[in-house]
1. Could you check the range 389-417 and list, in sequence order, the residues that are surrounded by fewer than 20 Cβ atoms within 10 Å (Cβ to Cβ) and over 29 Å from ALA455 (Cβ atoms)?
2. Is it the case that the range 278-288 has a residue that's among the hydrophobic types (A, V, I, L, M, F, W, C) and over 12 Å from GLY362 (Cβ atoms)?
3. Between ASP350, ASP290, which is under 36 Å from the mean Cα position of the chain (by Cα), surrounded by 19 or more Cβ atoms within 10 Å (Cβ to Cβ) and of a type in the set (Asp, Glu)?
4. Out of all the residues in the range 147-194, which are on the phi > 0 side of the Ramachandran plot and not aromatic (Phe, Trp, Tyr)?
5. Would you confirm, using the coordinates I've provided, whether PHE210 is under 19 Å from PHE415 (Cβ atoms) and crowded, with 16+ Cβ neighbours inside 10 Å?
6. List the pairs whose first member sits in the range 221-233 and is within 18 Å of ALA454 (Cβ to Cβ) and within 16 Å of ligand 2 (Cβ to nearest atom), whose second member is in a strand (DSSP E or B) and among the charged types (D, E, K, R), and whose Cβ atoms are under 9 Å apart, counting only residues at least 6 apart or on separate chains?
7. Given the criterion hydrophobic (A, V, I, L, M, F, W, C) and not in a helix (DSSP H, G or I), identify the matching residue among VAL49, VAL19, VAL57.
8. Do you know which of the residues in the range 60-80 that are in a loop (DSSP other than H, G, I, E, B) and not aliphatic (A, V, I, L, M) is nearest to ASN175 (Cα to Cα)?
Amino acid sequence: MLWSQTFIPTLRDDPADAVIDSHKLMLRAGFIRQLTAGIYNYLPLMQCVIHKIERIVREEMNAAGAIEITMPVLHPAELWQKSGRWDVVGKEQMRMKDRHQRDLVLGGTHEEVITWIVRGELRSYRQLPKNFYQIQTKFRDEPRPRFGLMRGREFIMKDAYTFDATWDGLKNAYNKMAEAYFKIFRRIGFDVRMVESDVGAMGGTGAHEFMVPVETSGGENVILSCERCDYAANIEKATSLSLADEGARPEEPRQKEMVFTPGMKTVEEVTGFLRVGPEKLVKTLLYEVDGEVVAALIRGDREINEVKLKNYMRANELVMAAADVVMRVTGAQVGFAGPIGLSRVRIIADPEVKRMRNFVVGANRDDTHIINVNTVDFTVDEYAEIRQAQAGEICPRCNQGRLQSYSGIEVGNLFMLGTKYSDALGANFIDSDGVEKPFVMGSYGIGITRTAQAAVEAFHDEKGIIWPKAIAPYDFHIVPIEITDRRQREVAFALYEELQERGYAVLMDDREERPGVKFNDADLIGIPVRISFGDRSLKDGQVEIVKRRGKEMVKIPVEKAVDKAIEIFGQL
Ligand code: ATP
Ligand code: MG
């Protein structure tokens, strides 16, 4: 491809609205342009990357026995009402009405549709197992679309669905998909990790995510993994053995007492003012859970895990209570809520609270806290583990190693759905014993567009993107310094044609631009191998071959340039 004939609108400066490196680079290097929040145009270079990722995904899915189909993007609302997800997915679902005022859904995932297709078509256990997949644009009205393609409202996904007769069959299918995922992400060049995850709105009995570890801010997920065994889980799901009681001496209960804490609202402010550690305070967090106000109690130095709380309450929606709600139920501003006298509010406490003595709580009165409180002073409706596990705590699996944390980008996931959807939609088959049974299902996603950006987040430097060769938009980038020079032009086209004849994808910068501009753009767009030359190098009959990663450079006679470039590319 000639630069002049394609469309690569690079930008000199970082776009103001991008926060993380990969988003900035995708915009600057001319891969994407936003249309509106979370909705992007994929420009020609991006299109090349998408095709390469899709190809790898297709090859490995086909090799694992999956069958490609294409399902509709528009779904009738009834399907989602039947499965019960119309309410669960709620606001995240893009909805519309047709001319007859019938509700339609723009698909964000296809469990309902595939189950509907299979129902009545697959009748016998002899037709199982089956694995169907598609690669398609998905729609989700994300509450916070951000970071470019990382969290879009429209994005490309590979989704696969397995149908088995038995749970053992499902486990087999699940493992096969996990293996295919390892192959896909390793071919792309990621040091990918498979971690346990929460099942979320998908439901089912178990789930895993494939994470690309990143050091930068692009990792939306925190993973806790054991330093000794193979335990690894998304922090939303992770558990740990608490170290709360390490070295603690039991205390005699003291008399509780109201104290004036003017303007002290945060844990640090209150405990600093009262000269106690944060582990001597119980935070009272108020939530609105499907319309009901709930108080969650947790030790002052812990974080609450909202996913665990939401799961425990089997809720569809959980949000922090707004200031006016806090005022209504506690009679005080935000920052002074406490469990004593908090009537008509369901109180859920983390089990750690049960072991605490003589702690501090808010008094449900402005500028006031209560000290020397004990659990006998109020009523806890339920104890439930709602604490977020933390790095440094003990592994729940081996009971020995400490947990370490790192951040990652979720590029794919696996769900053991079981019979949730086949039960809800009445999708059954006749088993070998002649009995009608629901299909045992699994569901498996890969974010194609998110994977592209994850690669940029994982592989870049201060000058630009460093594409791993498996998904680079082109293999080689030819940069003649002056395209108007006859000799340079001849060499450029000769190399360009020969590399293409030998099966490689080549971009040639045929612009009449200053060399600095071309080299900066080459670094920015990140093609793995660059071949460049000008008057001076050609005078010696030589060209320069530069690897984008590490910027190693070799000079080589023109006649040997193609072989050498291919050799260098092969070693990447
Ligand atoms: P997340 O926890 O990031 O919201 P999810 O659990 O909703 O992800 P799935 O519904 O399983 O994800 O989708 C499968 C894959 O699609 C994810 O692993 C991710 O790679 C990708 N994906 C999900 N949501 C988005 C989005 N809003 N933008 C881009 N890719 C996405
Ligand atoms: Mg999501």
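1. First, the residues of the range 389-417 that are surrounded by fewer than 20 Cβ atoms within 10 Å (Cβ to Cβ): 390-394, 396-402, 404-407.
Scanning the range 389-417 gives GLN390, GLY392, GLU393, ILE394, PRO396, ARG397, CYS398, ASN399, GLN400, GLY401, ARG402.
2. So the first thing to find is which residues in the range 278-288 are among the hydrophobic types (A, V, I, L, M, F, W, C), and the list is 281-282, 285-286.
With the extra rule that they be over 12 Å from GLY362 (Cβ atoms), the set shrinks to none.
The answer is no, given that none of the residues of the range 278-288 is among the hydrophobic types (A, V, I, L, M, F, W, C) and over 12 Å from GLY362 (Cβ atoms).
3. Values: ASP290 fails: surrounded by 19 or more Cβ atoms within 10 Å (Cβ to Cβ).
Criteria check complete, one pass: ASP350.
4. Scanning the range 147-194 gives GLY148, GLY189.
5. Numbers: under 19 Å from PHE415 (Cβ atoms): yes; crowded, with 16+ Cβ neighbours inside 10 Å: yes.
Here the answer is yes, as PHE210 does meet what is asked.
6. ASN221/GLU209; ASN221/GLU410
7. VAL19
8. Looking only at the range 60-80, we keep the residues that are in a loop (DSSP other than H, G, I, E, B), and these are 64-66, 69-73.
Cutting the leftovers down to not aliphatic (A, V, I, L, M) gives us 65, 70, 72.
Values: GLY65: 13, THR70: 24, PRO72: 28 Å.
Ranking the candidates gives GLY65 first.
We did not get these values from a lab; they are worked out from the coordinates using the rules stated. Here the structure is a predicted model, which means the values were calculated and not measured. Glycine gets a Cβ as well: all are built from the backbone with ideal geometry, and neighbour counts include every protein chain shown.
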